[in-house]
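Let me begin by presenting the structure, written as structure tokens, before commenting on it.
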Amino acid sequence: MSPLDARSLDARSLDIRPITDSELHDWLRALNTGFLRAPTPSDEEVAGRLPYLDLARTQGVFDEGRCVATFRSFAQELTVVGGATVPTDAVTNVTVSPTHRRRGLLSRMMATDLAEAKERGDVAATLIAAEYPIYGRYGFGPAAWTTEWEVDVPRTGLDPHGRVPSAGDGGRIDLVDGAEVRKLGPALHDRLRARQHGAVSRGERWWDLNTGEVLFPNDPWTEPFYAVYRGPDGSVDGLLVYRADGHWGDAKQPLNRATVRSLIAVTPAAERALWHFLCSVDWISTIRTGHRAPDDLLPLLLPDPRAARVVTHADFMWVRVLDVVRALEARTYAVPGSLVLDIHDPAGLTAGRFHLDATPDGTTCTPTTRSADLAMDVSELGTLYLGDESVSRLASLGRVEELTPGAAARADGVLRAGRRAWCPDVF
């Protein structure tokens, strides 16, 4: 028997299933262990999390009664190119304890979850990958990337005595508290995700957790600053959330850093005003922008764009297509075009040949027996789905096979989006 066969047999002897409410404490211990956090959860945390978990979608692996691996998913909506949303299976809380690695546990939990998502009618699955090499083998591909900048405020070229945005457009910025954010934020975010492909839905629980309304003893909370931008008509068009440290230099000069927790805006005026406002805050000499789209406007909103230097650029949200027809029909396309795609899926969830016909009057995607223009794994389809990657580039890497001459360049014209995909949230 090979080592791989031995591991598979070992995996089959373990108990892999949805957890019960009485097992949540042990499940959270395993989760904390996998994420290298203090292992033991408090009773308050267990009680606080229980009402918000769908236990039918919360899997655990048990070895002689002890939880040694965790996996959870929840319902989500993903905005695709053009502004439509599709139902997705958001995967999170994935861990395997160090004593039980390489036994196929993640593979079995993932297979169960994706099969159930397909049965429910979810169009795709999504996740934020902690490590790059893990999820491609399950059909996920990196569909939205993230970039973080560090801004040297004195170098921006903004007037150090007049950086607060003028009211030339009739807008204004107000500081608010968490309670106000819980009132104003959801509607603003819905406006954002109606236009930003890659954005995902946020429930009431998200706003409670991110404004300090719900606290867990093991999760330290420091209240941030909240600033909203109101347009000339009084509508809330932008929200900035940031924290600041208290660092001063030896010569009593302020060297404080502001760290942006979130900045969402639905107009260029709001985006410009909020960034300029943060650059105007006394004592702030450096800004960390947090997760932004790779083509974020920020550098070009500064008189000297070199004041913003990239400190992080990496893959962020991964997408796994579960229904090719509904996925491709949901989004819009840059130019009209017709493509036949041969999709390989080792898991057997989406394999087939599909004819995509994008026209000004609408898009259809149907199974077909016609000769394919392009062949690819379902993971590459996930990478291309939000219009953020080049088919020609993937073909050069051997990850897409061009079966009809010129098909890769033609597909780029059809599939690419004018702006980069962006997911503002970690989940």
Cβ-Cβ below 6 Å, separation at least six or inter-chain, first residue in the stretch 242-269 and within 30 Å of R193 (Cα to Cα) and in contact (Cβ under 8 Å) with a residue 12 or more places away in the chain, second open to solvent by 20 Å² or more (accessible area, probe 1.4 Å) and not in a strand (DSSP E or B): which pairs?
R257/D245; A265/E271; V266/R191; A269/D169
Of residues in the stretch 208-229 being among the β-branched types (V, I, T) and open to solvent by 30 Å² or more (accessible area, probe 1.4 Å), the one farthest from D174 (Cα to Cα)
V214
Would you be able to say whether some residue in the stretch 288-300 is of a type in the set (S, T, N, Q) and at pLDDT below 95?
no
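Could you identify the single residue in L114, L106 that is touching a residue at least 60 places away in the same chain (Cβ under 8 Å), within 30 Å of L328 (Cβ to Cβ) and part of a helix (DSSP H, G or I)?
Working: L106 fails: touching a residue at least 60 places away in the same chain (Cβ under 8 Å).
None of the others qualify; the one that does is L114.
Can you find, within the stretch 408-424, the residue that is nearest to the chain's Cα centre (by Cα) among those that are touching a residue at least 40 places away in the same chain (Cβ under 8 Å) and open to solvent by 40 Å² or more (accessible area, probe 1.4 Å)?
Only one residue fits best here, namely R420.
Does the stretch 35-48 hold any residues that are surrounded by 19 or more Cβ atoms within 10 Å (Cβ to Cβ) and touching a Pro at 6+ places or on another chain (Cβ under 8 Å), and which are they?
Taking the stretch 35-48 first, the residues surrounded by 19 or more Cβ atoms within 10 Å (Cβ to Cβ) are 41, 45.
The one that is surrounded by 19 or more Cβ atoms within 10 Å (Cβ to Cβ) and touching a Pro at 6+ places or on another chain (Cβ under 8 Å): E45.
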What pairs come up if the first residue lies in the stretch 27-44 and is closer than 17 Å to P220 by Cβ, the second is in a loop (DSSP other than H, G, I, E, B) and β-branched (V, I, T), and their beta carbons are under 8 Å apart, counting only those six or more places apart or on different chains?
N32/T40
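Across the stretch 342-363, what is the total count of residues that are of a type in the set (V, I, T) and modelled with pLDDT under 95?
Step one: filter the stretch 342-363 for residues of a type in the set (V, I, T), giving 343, 350, 359, 363.
Applying the additional criterion that residues be modelled with pLDDT under 95 yields 359.
Number satisfying all stated conditions: 1.
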Among the candidates P346, P360, P405, which residue alone is over 23 Å from the mean Cα position of the chain (by Cα), within 24 Å of A90 (Cα to Cα) and surrounded by fewer than 20 Cβ atoms within 10 Å (Cβ to Cβ)?
P346
Under the condition of being free of Cβ contacts under 8 Å to residues at least 40 places away in the same chain and under 29 Å from P232 (Cβ atoms), which residue from the stretch 279-301 is most open to solvent (accessible area, probe 1.4 Å)?
L300
Cβ-Cβ under 8 Å pairs, at least 6 apart or on other chains, the stretch 139-153 side open to solvent by less than 20 Å² (accessible area, probe 1.4 Å), far side acidic (D, E) and part of a helix (DSSP H, G or I):
G141/E380
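Quickly run through the stretch 301-320 and pick out the residues that are among the small types (G, A, S) and either modelled with pLDDT under 95 or touching a Lys or Arg at 6+ places or on another chain (Cβ under 6 Å) (or both).
A307 - this is the single residue of the stretch 301-320 that is among the small types (G, A, S) and either modelled with pLDDT under 95 or touching a Lys or Arg at 6+ places or on another chain (Cβ under 6 Å) (or both).
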In the set S392, S379, the lone residue that is assigned to a helix (DSSP H, G or I), open to solvent by 30 Å² or more (accessible area, probe 1.4 Å) and in contact with a helix residue (DSSP H, G or I) (Cβ under 7 Å, 6 or more places away or on another chain) is S392
Restricted to the stretch 49-77 and to residues being open to solvent by less than 70 Å² (accessible area, probe 1.4 Å) and over 25 Å from the mean Cα position of the chain (by Cα), the residue nearest to G104 (Cα to Cα) is V61
The residue from L384, L394 that alone is of a type in the set (A, V, I, L, M), under 19 Å from R320 (Cβ atoms) and in contact (Cβ under 8 Å) with a residue 60 or more places away in the chain is L384
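I'd like the residue in the stretch 366-376 that is over 27 Å from the mean Cα position of the chain (by Cα) and part of a strand (DSSP E or B) and, out of all such residues, is surrounded by the most Cβ atoms within 10 Å (Cβ to Cβ). Can you show your working first?
If we filter the stretch 366-376 for residues that are over 27 Å from the mean Cα position of the chain (by Cα), which is where we start, we get 366-374.
Among the residues that remain, those that are also part of a strand (DSSP E or B) are: 366-367, 374.
Working: T366: 12, P367: 10, L374: 24.
This residue is L374.
The values are calculated or read from the model by the stated rules, or taken from the named source; none is laboratory data. Just so it is clear, the model here is predicted, and its values are computed rather than measured. Ideal geometry is used to build each Cβ from the backbone, glycine not excepted, and the neighbour counts take in all protein chains shown. Accessible surface areas use protein heavy atoms only, side chains included; no ligands, DNA or RNA. Shrake-Rupley method; radii C 1.70, N 1.55, O 1.52, S 1.80 Å.
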